[in-house]
Amino acid sequence: MFSIASEIVQIYRFREVLWQMVKREIKARYKQSILGYFWVILNPLAQMLVMSFAFSLILRIPTNASSHIPYSVFLYVALLPWNLFANSVSSACNSLVSSSTLITKVYFPRSILVISSIFAKIIDFLFALTILIGYMAWYRIPINANIFWVIPIFIIQQIFTIGLSLFFSAANLLYRDVQYLLGLVLVLWMYLTPVIYPADLVPTRFRLIFQLNPLSVIINAYRQTILGGGQPNHLSLLIATVVSLITLQLGILYFKSREKIFADNI
Amino acid sequence: MPDQSPAVEFHQVTKVFNLQAQKTFKEFLPAMLRGHQTAHRHTVLDNISFQVQKGESIGIIGPNGSGKSTILKLVAGVMSPTSGKVVVRGKVSPLIELGAGFHPELTGRENVYLNGSILGLTQSQIKEKIGSIIDFSEMAEFIDQPVKHYSSGMYMRLGFSIAVHVDPEILIIDEILAVGDASFQQKCFEKMEIFKKQGVTILYVSHSQPSVVSFCNRAIYLNHSQIIDQGAPPQVFETYQRDIASGQ
């Protein structure tokens with residue numbers, strides 16, 4: 001766990017660079033398009049509407065027997081954090097390759113590039129969240145104190161995201177195939193995660209796989225705590241935390257071992 | 001008592017590039033399975049040692065591919081030596097390919113903040129210096145336009161202007177002054193002279209004999225991954241020219 005701490009210290013020392021990089025991503029997007037930030041909201045909204053049509057009117061996936069949550073809200077609560085995860089990892093995966101000129105010219109901790117692309121996606125996520133809040137108000141979905149669980153859940157999600165991103169971004173510098181492979185993995189991963197269906201539909205014999213996939217635990221926990229389904233399963237959350245920390249540790253170790261030769265390989 | 005240790009020290013530095021022969025899995029996997037070579041090694045620097053004292057201006061000369069830029073990248077900390085040790089004492093400011101890290105969609109001013117922080121300035125330092133940065137670049141008119149509309153000369157002027165406002169202790173310069181118009185080149189050399197007077201250590205890679213001879217107090221001649229000669233620039237250039245003449 002020592003390398004995690006020293007990495008945090010490094011990034012803190014270069015926090016102004018980090019902040020400038022995040023601003024760069026956000027401003028650049030805002031300038032490139034007419035609708036600018038509106039796309040960040042429109043995109044998941046359109047996705048949610050189409051998926052709601054397919055899975056609640058055609059396939060009729062049951063949300064939760066006991067509650068009367070509309071499928072659209074049920075889906076959106078999981079889709080937003082899933083999109084955050086998928087967008088973060090894929091944008092971080094390309095972050096080193098797309099900043100190759102910087103990497104060969106100036107020294108700064110390279111993990112800044114990865115972290116800043118993730119931070120930019122978190123800001124997108126916060127914008128997209130406004131629709132969810134509006135939606136929940138519209139359907140008058142009651143919330144309770146369990147909603148505060150989203151803070152630790154969010155942190156666990158980011159630990160896992162950063163760990164994976166460090167690994168994929170460094171590997172992508174070596175072989176560009178990694179980014180295409182990642183695209184495929186993310187599509188499959190979404191179907192293996194209870195985003196469009198509730199976790200209790202998963203047959204018991206597959207439960208273990210679900211426990212070990214931090215994303216299913218995280219997504220399920222968001223849904224439970226936000227939609228008034230009580231506290232998340234503490235043991236599952238603990239396992240997800242441990243898996244995420246191990247991922248982060250391995251991600252940092254791999255990234256560090258490669259960092260020295262980044263400039264050689266570009 | 002001022003610290004007399006050298007600004008830059010290379011101790012038996014060797015840099016080997018492991019160039020991958022295959023860029024994709026599709027090429028890599030069959031090559032690996034058949035036992036073909038998957039990487040070839042290319043030695044750029046072979047057991048090189050030298051020192052640069054504080055305040056010295058060193059010219060690094062030699063033919064293309066002799067490892068000049070690799071030395072600068074090792075000093076900048078962008079690359080690590082394969083073996084040996086590189087010691088750098090002081091804040092390094094690179095004038096290598098100016099404008100690296102500029103984002104085309106952002107304005108000149110926004111890029112000053114971005115690039116300045118990458119080069120190690122704090123936000124308040126940039127705020128303090130931005131007027132002087134813009135003045136030096138002579139770009140006041142265009143500073144609030146996206147840099148994608150800049151010409152390559154304007155791009156470079158802004159980049160140079162930021163880099164010289166970093167207050168470097170060690171300045172590394174790679175050929176860049178070959179580009180840009182005569183009057184801006186003149187201005188850059190004047191700025192470099194000022195740095196030299198202030199005691200900034202300068203490592204200067206160039207093919208231009210007049211600029212190295214007039215600007216540097218010492219030159220290092222690299223060829224075949226080795227230091228062939230070093231000393232007073234005119235004498236080192238003589239060795240270099242003799243090698244070229246004899247087809248080395």
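All of the numbers you see were taken from the coordinates with simple rules; none came from a lab. This is a predicted model, so every value here is computed, not measured. Note that each Cβ is placed from the backbone with ideal geometry, even for glycine, and that neighbours are counted across all protein chains shown.
Partner chain Cβ atoms within 10 Å, averaged over the residues of A:108-118 - can you pull that number for me?
Numbers: counts 7, 0, 0, 0, 1, 0, 0, 0, 0, 0, 0.
Mean number of neighbouring Cβ atoms from other chains: 1.
Using the Karplus relation 6.51 cos²θ - 1.76 cosθ + 1.60 with θ = phi - 60°, the per-residue 3J(HN,Hα) values for segment B:227-233 come to 7, 7, 7, 8, x, 5, x Hz, with x marking Gly and Pro. Dipole size of segment A:2-265 about its Cα centre, with +1 on Lys/Arg Cβ and -1 on Asp/Glu Cβ: approximately 320 debye, rounded to the nearest 20. For B:ILE60, the residues 5 or more places off, or on other chains, whose built amide H falls under 5 Å of its own are B:TYR204, B:VAL205, B:SER206, B:ILE220. Pairs of Cα atoms nearer than 8 Å and 6+ residues apart set the relative contact order; for segment B:99-157 it is 48 percent.
A helix-only calculation puts the protein assembly as shown at -18000 deg cm²/dmol for mean residue ellipticity at 222 nm, using -39500 (n - 2.57) for each DSSP H run of at least four residues, averaged over all residues. For trypsin sites (Lys or Arg not before Pro), the sites in segment B:89-182 that DSSP calls loop and that have at most 16 other Cβ atoms within 10 Å are B:ARG89, B:LYS91.
Treat the protein assembly as shown as a sphere of radius equal to its Kirkwood radius over Cα pairs and apply Stokes-Einstein at 37 °C in a medium of 0.692 mPa s; give the translational diffusion coefficient in µm²/s, rounded to a whole number. Display every interim value, and only then the final one.
Values: Rh = 26.0 Å.
Here the translational diffusion coefficient equals 126 µm²/s.
Shielding value for B:86-94 is 1, the average number of Cβ atoms from other chains within 10 Å of each residue's Cβ. Close amide H pairs (under 5 Å, H built 1.01 Å from N) link B:ILE228 with B:TYR221, B:LEU222, B:ASN223, residues at least 5 positions away or on another chain.
Computed 3J(HN,Hα) for segment A:171-176, one whole-Hz value per residue from the Karplus formula 6.51 cos²θ - 1.76 cosθ + 1.60 where θ = phi - 60°, is 5, 5, 5, 7, 10, 5, glycine and proline marked x. For segment B:140-211, applying the loop criterion from DSSP together with a ceiling of 12 other beta carbons within 10 Å to the GluC sites (Glu not before Pro) yields no site.
Pick out which of B:HIS207, B:HIS40, B:HIS103 has the largest mean-square fluctuation in a Gaussian network model of chain B, springs linking Cα atoms closer than 10 Å. Result: B:HIS40 has the largest fluctuation of those listed. Using a cut-off of 28 Å between Cα atoms, the listed pairs A:LYS31/B:LYS129; A:LYS27/B:LYS15; A:LYS23/B:LYS129; B:LYS15/B:LYS197; B:LYS68/B:LYS197; B:LYS127/B:LYS187 include A:LYS27/B:LYS15; B:LYS15/B:LYS197 as exceeding that distance.
Sequence-distant contacts, meaning Cα pairs under 8 Å at least 6 residues apart, place the relative contact order of chain B at 26 percent.
Taking 0.890 mPa s as the viscosity and 25 °C as the temperature, the Stokes-Einstein diffusion coefficient of chain A based on its alpha-carbon Kirkwood radius rounds to 126 µm²/s. Residue by residue, segment B:202-219 carries 3J(HN,Hα) couplings of 10, 10, 10, 9, 7, 9, 8, 4, x, 5, 5, 5, 7, 9, 9, 8, 8, 10 Hz when phi is fed to the Karplus relation 6.51 cos²θ - 1.76 cosθ + 1.60 (θ = phi - 60°); x denotes Gly or Pro. Remark: relative contact order (chain A) = 27 percent; criterion is Cα-Cα distance under 8 angstrom and separation of 6 or more residues. Across peptide A:12-24, the average count of Cβ atoms from other chains found within 10 Å of a residue's Cβ is 4.
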